[in-house]
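Worksheet: the structure to be examined is printed underneath.
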Amino acid sequence: ITSVSDILDPKFKNRVSILDEMRDTIGLFMLDMGLDPSTGSLDDAKKAVAGIKKARDAGQFRKIAGNSYTDDLQTGEVWIALAWSGDIANLKKDVPGLEFVLPTKGAMSFTDNAMIPIGAANKVGAEKLMNYVYDPAIAGPLYESIVYVPPVKGAIDHMSAAAKDNVFINPPAGAKLYEFRDLDAAEDEELSKAFLEATQL
């Protein structure tokens with residue numbers, strides 16, 4: 001299995017799970033169609049939604065879920081899932097036979113953002129914590145322990161050799177990773193509605 005097209009093979013009917021997270025799922029389907037989610041138009045995204053709906057109507061998906069797909073992989077209810085790398089890295093400890101594959105046409109990348117709310121009671125303390133965590137010498141061991149790709153330049157240099165070779169932390173050279181482009185409010189509403197309609201089981 002090296003692509004989204006592969007998981008749509010009828011032999012996997014009703015044993016596939018996809019994510020209910022719009023940007024990741026639409027982005028992966030766009031990449032499989034040869035469309036770039038970082039620059040593609042709303043119409044391009046809708047083509048991917050149409051592909052999702054077609055597969056849903058054919059009964060390909062057993063689940064369209066958030067993090068609960070990990071339970072389904074553990075029980076064997078689902079054989080193949082669109083998944084988040086950190087989940088699989090941690091799940092492999094209990095289910096060592098699981099394999100994580102980056103599609104050859106590309107995969108989605110994301111970041112979790114740290115923000116300090118307006119009016120925070122200890123803004124200076126929060127800033128100091130963020131600065132501390134973003135020190136490469138701190139970020140390296142931190143991201144090694146949580147098994148995620150670090151957003152901090154130089155963090156890899158402060159990791160063990162095993163972590164440096166771990167694809168969940170340090171994607172292989174040449175990996176094609178994309179971010180979903182920013183949508184304006186109207187686009188977001190229109191695409192969210194279309195995706196919701198296409199992912200109701």
So the angle from the long Cα axis of helix 42-57 to the longest Cα principal axis of the chain, reported in degrees to the nearest 10, equals 60 degrees
Measuring from its Cα centre, the stretch 93-147 shows a charge dipole (+1 at each Lys and Arg Cβ, -1 at each Asp and Glu Cβ) which, in debye to the nearest 20, is 160 debye
Helix 22-32 sits off the longest principal axis of the Cα atoms of the chain, rounded to the nearest 10 on a 0 to 90 degree scale, by 70 degrees
Taking Cα atoms, the helix 136-146 axis meets the longest principal axis of the chain at an angle in degrees (rounded to 10) of 40 degrees
With the label point 7 Å along the Cα-to-beta-carbon line of residue 6 and a cut-off under 14 Å to each amide N, the hits in the stretch 16-43 are 32
Taking 0.36 nm per residue of separation between residue 71 and residue 42 and subtracting their Cα-Cα distance, the length gained on full extension comes to 7.1 nm
Whole-percent tail of the Cα-Cα distance distribution for the stretch 106-145, cut at 14 Å, equals 60 percent
Hydrodynamic calc, the chain: Kirkwood Rh from Cα pairs, then Stokes-Einstein at 20 °C with viscosity 1.002 mPa s, so D in µm² s⁻¹ is 116 µm²/s
Expressed as a whole-number percentage, the relative contact order of the chain with C-alpha contacts under 8 angstrom and at least six residues apart is 28 percent
If every Lys and Arg gets +1 and every Asp and Glu gets -1 at its Cβ, then about the Cα centre the chain yields a dipole, in debye to the nearest 20, of 400 debye
Simple SL model, points at 7 angstrom along Cα→Cβ for residue 146 and residue 112; separation in nm is 0.4 nm
Classified through the alpha carbon gyration tensor (a ≥ b ≥ c as square roots of its eigenvalues; rounded if a/c is under 1.5, else prolate when a/b is larger than b/c, else oblate), the stretch 117-201 comes out oblate
Over 21 Å (Cα to Cα) among 13/93; 128/153; 11/54 -> 13/93
Distance in nm between residue 93 and residue 133 label points, each 7 Å along Cα→Cβ, equals 2.0 nm
Note to self, the chain gives a 222 nm [θ] from helices alone (DSSP H runs n ≥ 4, -39500 (n - 2.57) apiece, / all residues, nearest 500) of -12000 deg cm²/dmol
For the chain, the charge dipole (Cβ of Lys, Arg +1; Cβ of Asp, Glu -1; about the Cα centre) points to a positive end, and the Cα of 143, 40, 74 closest to that extreme belongs to 74
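Only the coordinates and a few stated rules stand behind these numbers; no lab work does. Everything quoted here is computed from the prediction, not taken from an experiment. Neighbour counts are summed over all protein chains in view; Cβ atoms, including those assigned to glycine, are modelled from backbone coordinates with ideal geometry.
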